[in-house]
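Below: the structure, in structure tokens.
The values are calculated or read from the model by the stated rules, or taken from the named source; none is laboratory data. Note that the coordinates shown come from a computational prediction; the quantities given were computed from them, not determined experimentally. Backbone-built Cβ (ideal geometry, glycine too); neighbour counts: all protein chains shown.
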Amino acid sequence: MLGTEPSFGFGDRLGMATPGHAAALKRAGAGILPIFAQQSIREMTRTQRTPQQVMEEALAGARQAGYAGVHGADADHLKTPADVERTAQAGFVFFTIDPSGEVDAGADDYNADQLAAKFKSVAGEIAWLSQYEGKTIKLTTGSAIEFSPAVCRRAAVKYGKAIAMAAGLAKHIEQIAKKLNQPWEIELSVDETPRPTTLAEHFIIADQCLKAGMKLVSLAPRFIGDFEKGIDYKGDVAGLEKSLGDHAAIAKQLGPYKLSLHSGSDKLSIYPSLSRATKGLFHVKTAGTSYLEALRTVVRVDAGLFREVVTLARARYDTDRATYHVSATLASAPAPERISDAKSLEREYLGLWSENPGSRGLSNLGRQIIHCTFGSVLCDPKLGPRVKQLIAENQGLYTQILDEHFGKHLEALKAGM
């Protein structure tokens, strides 16, 4: 287990990325602990992998890289007891609870009458309102949280059922872990909402979960700005750093526990702010960027195969994007038949911030088209095996590309420590 040490989650949808992750970690030096085995239930379903496969491939990759240090294993976005049991039996010890299905995402927009009606329907399930109503809590940053009746009731409507679900699943995690005689720690994810998590909501959620006995090691709020897949942060970096400082102050006061940044891939512009604001109490979770770098390997070895991947991705994008927060449309990047050479293909579909100084990667929306369609590509009976075989045959190049890519991530985080 990693506890409250600064940590970084490396997602791997192919089962061949861990050597590159370990190489980047070694180059960056000590200070940030890794999670190599990390995959959500949704990703496992889309890639047709099992928790046992994810674990075994991550451990094999770490051995191959000669990594002998501490590392964690994250069973990501868990929603059911069955998901907990499957992942725990495979040896996962870091459990990310996702209660998003119980969050009332419309609560922020309810008028007074709507809020009153919604609150009446959940009031019988909420026993904690009086613990906060009318109170003011001052943070070490100088900010204050005002728990007005309206604020508390909106939080109850929005998160009341989610808090109860998370607390119940945490109890189940504890029972299973004890039954298997293995350690456990919990991350709570409340980031998948349209609006940012307020300071009052963060305080109530964490406080109630801790009072329920949850072994909370990190919490992922929905931060201000946009955290889209495959590109850098969209928003005011200075404003985000101030907000991160306030959220970090709550985490330190109630816990301490770490702030967790989900959809953390490629958000280099904000990593120094995250590490500064949290004073090292952070976890960053990445997933799809290792798949994108696998496709960078593909385009550099076999541009024809990459063209086939892009063609399928474009055909599947409007369907596969439904579960993701992304801005790209098919018009964001030209069809592959309109691109003449491999370098242009790579630039249009895998271009990064470093190639467009000042843009922070915001113009490279082609990345999102192939990011969202990983399941369709990897499970395609013709393309999937060819992509996997190419990566296996070019493991050295893939490791080198990942080393460079994640080296930038880790160096940016350490710049703020």
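Within the range 127-159, the only residue that satisfies the criterion of being aromatic (Phe, Trp, Tyr) and in contact with a Lys or Arg (Cβ under 7 Å, 6 or more places away or on another chain) is Phe147. Here Leu199 meets the list (1) of a type outside the set (Asp, Glu); (2) under 19 Å from the mean Cα position of the chain (by Cα); (3) closer than 27 Å to Pro256 by Cβ almost entirely, failing just condition (2).
Close Cβ contacts (under 9 Å, 6 or more residues apart or on different chains) running from residues in the range 60-79 that are in contact (Cβ under 8 Å) with a residue 40 or more places away in the chain and buried (at least 24 other Cβ atoms within 10 Å of the Cβ) to residues that are assigned to a helix (DSSP H, G or I) and acidic (Asp, Glu) comprise Asp76/Glu43. Give me the pairs, please: first residue somewhere in the range 194-209 and farther than 16 Å from Gln253 by Cβ and part of a loop (DSSP other than H, G, I, E, B), second residue anywhere and of a type in the set (Gly, Ala, Ser) and modelled with pLDDT under 95, beta-carbon distance under 6 Å, and either six or more positions apart or on two chains. Taking only residues 6 or more apart or on different chains, the pairs are Pro194/Ala105.
If you go through the range 351-372 and keep only what is within 12 Å of Lys229 (Cα to Cα) and either modelled with pLDDT under 85 or not hydrophobic (A, V, I, L, M, F, W, C) (or both), you end up with Gly361, Leu362, Asn364, Gly366, Arg367, Gln368, His371.
Arg276 falls short of the stated requirement of being modelled with pLDDT of 95 or more, assigned to a helix (DSSP H, G or I), basic (Lys, Arg) and not assigned by TED's automatic domain parsing to the domain that holds Pro34. Among residues of the range 119-133 that are under 20 Å from Ile145 (Cα atoms), those with a beta-carbon under 7 Å from a residue that is at pLDDT 95 or above and part of a helix (DSSP H, G or I) at least six positions away or on a different chain give the pairs Trp128/Gln208; Leu129/Cys152; Leu129/Ala156; Tyr132/Cys152; Tyr132/Ile204; Glu133/Pro149; Glu133/Cys152.
Restricted to strands (runs of 3 or more DSSP E) entirely inside the range 118-189, those with at least 3 residues that are in contact with a Ser or Thr (Cβ under 8 Å, 6 or more places away or on another chain) are 144-146, 185-189.
Annotation: of all residues in the range 207-216 being surrounded by 17 or more Cβ atoms within 10 Å (Cβ to Cβ) and of a type outside the set (A, V, I, L, M), the one that is farthest from Lys242 (Cα to Cα) is Lys215.
Looking only at residues in the range 12-30 that are at pLDDT below 95 and touching a helix residue (DSSP H, G or I) at 6+ places or on another chain (Cβ under 6 Å), the one that is farthest from Leu281 (Cα to Cα) is Arg27. Flag set for Thr297, criterion: among the hydroxyl-bearing types (Ser, Thr, Tyr) and buried (at least 18 other Cβ atoms within 10 Å of the Cβ).
Does any residue of the range 368-375 turn out to be assigned to a helix (DSSP H, G or I), in contact (Cβ under 8 Å) with a residue 40 or more places away in the chain, among the hydroxyl-bearing types (Ser, Thr, Tyr) and crowded, with 19+ Cβ neighbours inside 10 Å? No, the conditions are met nowhere in the range 368-375. Remark: Ser265 matches the filter, which requires a residue to be within 21 Å of Pro34 (Cα to Cα) and not in a helix (DSSP H, G or I).
Residue-wise test of (1) under 23 Å from Asp76 (Cβ atoms); (2) surrounded by 20 or more Cβ atoms within 10 Å (Cβ to Cβ); (3) assigned by TED's automatic domain parsing to the domain that holds Phe374.
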position: Thr198; (1), (2), (3): no, no, no
position: Ile205; (1), (2), (3): yes, yes, no
position: Ser218; (1), (2), (3): yes, yes, no
position: Tyr233; (1), (2), (3): yes, yes, no
position: Glu241; (1), (2), (3): no, no, no
position: Lys252; (1), (2), (3): no, no, no
position: Pro256; (1), (2), (3): yes, no, no
position: Leu261; (1), (2), (3): yes, yes, no
position: Gly264; (1), (2), (3): yes, yes, no
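When Arg296, Arg321 are checked against the criterion of being assigned to a helix (DSSP H, G or I) and within 18 Å of the chain's Cα centre (by Cα), Arg321 stands alone in meeting it.
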